[in-house]
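Read the structure below first, then the notes.
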Amino acid sequence: MRIAVLFGGASAEREVSIASAAQVFTALRERGHDVIAVDTARGPLSDEEVAAFVGATVSYDPPDLSDIPAAETTARLVAEDGPLREVDVVFLALHGGSGEDGTLQALLDSAGVPYTGSGVLGSAVAMDKDVSKRLFRCAGVPTPDWLMAPATVEEVAERIGFPAIVKPNAQGSTIGLTVVKAPEQLAEAIETAAAYDREVMVERFVPGRELVVGVLEGRALAVGEIVPQLGEIFDYQSKYQVGGAVETFPADLPAEVTAEVQRLAVAAHDALKLGSYSRIDFRMDPDGGLWCLEANTLPGMTATSLMPQSAAAAGIGFGDLCERLCASALRERGR
């Protein structure tokens, strides 16, 4: 196959996208595919640029918003003479922003270019945490109580309680997220989250174990457990720095709990009308209650990211996973 790995984007998750793309690019090339790397902000990489790109890593802190490209050139990339028109499939290694919220998917659909991941509707719905949680509840998938800012301290205390999670409504990688332990911290936390999104969610904090599970082609993969090592939550540093977290696949859970997490993951995936794959995140409280936090339509795709680990524990290697996602895209959206 001739494959374009599309990465970069103009979101706060740009560095994460580059790291994912570098490993997907390498894995697909090693399998004999004709692969090009395409930055949404700059276009196809030259051979010299590829050499530096394949060693990409994620910095300790999220990028400064002023360092993120202000505009993308994706429309030019899918023009009739653009590089994305010359490939069999586009592997989306984008995270956050217009690369994950359905905007790019709509553009590729209109150009008739097959791509990996979910379509326009599923991408848009999953990116909006407020809408996602409403659909989870309609599907019988438990999710922590929440409200949307603006919210007073009194409202949060009455409806959510403290501690609470304050986060951007449409942002990933825990960027802009704060655990608010005291009422006087609420206003600053909302202001922090609002720097990344015009809508801010205040959500009940669920203590307990952090669980994740990949969903691939309608089937739940292995359930994993994450134990952060750098703080109390699985934050940006814990996700992307060596030693930031202990990630165990499969998680040490009773068989019936594993089965229930997997059932709920597929139910959440289906409720949002997602495509060939996703990663669903949960918390299990001290009483054993399972709470769905969110669905990720374009989860991290380095070889050690959570989705590939979930697949590996189910017997699907990283290269196989990348190929299967491309094959699924051609089946679902092939010309």
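The values are calculated or read from the model by the stated rules, or taken from the named source; none is laboratory data. Quantities reported herein were computed from a predicted structural model and do not represent experimental measurements. Cβ sites come from the backbone with ideal geometry, for glycine too, and all protein chains shown count toward neighbours. What goes into the accessible areas is simple: the full protein's heavy atoms, side chains included, and nothing from ligands, DNA or RNA. Shrake-Rupley method; radii C 1.70, N 1.55, O 1.52, S 1.80 Å.
Give me the percent of the accessible area of the chain that comes from carbon and sulfur atoms, probe 1.4 Å, all protein chains in place.
50 percent
Sort 308-320, 146-158 by the packing proxy (mean of other Cβ within 10 Å over each peptide's residues), most packed first.
308-320, 146-158
Would you indicate which of [x] 32, 22, 19; [y] 36, 21, 17; [z] 34, 25, 18 is the value of semi-axes √(5λ) of the Cα gyration tensor in Å derived from the coordinates of this structure?
Matching the structure shown: [x].
If you take every DSSP beta bridge whose two residues both sit in the chain, what share of them, in percent to the nearest 5, is antiparallel?
75 percent
Please give the length that would be gained between residue 148 and residue 109 if that part of the chain were fully extended, namely 0.36 nm times their separation in residues minus their C-alpha to C-alpha distance (nm, one decimal).
Between residue 148 and residue 109, full extension yields an extra 10.9 nm.
I'd like to compare 197-205, 105-113: which one has the highest average count of other Cβ atoms within 10 Å, and what's the full order after that?
Descending mean neighbour count gives 197-205, 105-113.
How much length is gained if the chain between residue 2 and residue 182 is pulled fully straight, taking 0.36 nm per residue apart and subtracting their Cα-Cα distance, in nm to one decimal?
So the extension gain works out to 59.5 nm.
Using a Förster distance of 35 angstrom, determine the FRET efficiency expected from the C-beta separation of residue 159 and residue 256, and round it to 0.05.
Efficiency, rounded to the nearest 0.05: 0.65.
Identify all aspartates and glutamates with a Cα-Cα distance to residue 167 below 13 Å; exclude those on the same chain that are fewer than 8 residues away in sequence.
128, 130, 188, 191, 197, 199, 203, 235, 294
Whose amide H sits under 5 Å from the amide H of residue 221, counting only residues 5 or more places off or on another chain, with H placed in the peptide plane?
Counting only residues 5 or more places away or on other chains, the set is 214, 215, 216.
When ligands, DNA and RNA are left out and all protein chains stay put, how many square angstrom of accessible area per residue does the chain have with a 1.4 Å probe?
So the chain comes to 41 Å² accessible per residue, rounded to a whole number.
What does the extension gain come out to for residue 263 and residue 48, with contour length at 0.36 nm per residue minus their alpha carbon separation?
Value of the extension gain: 72.8 nm.
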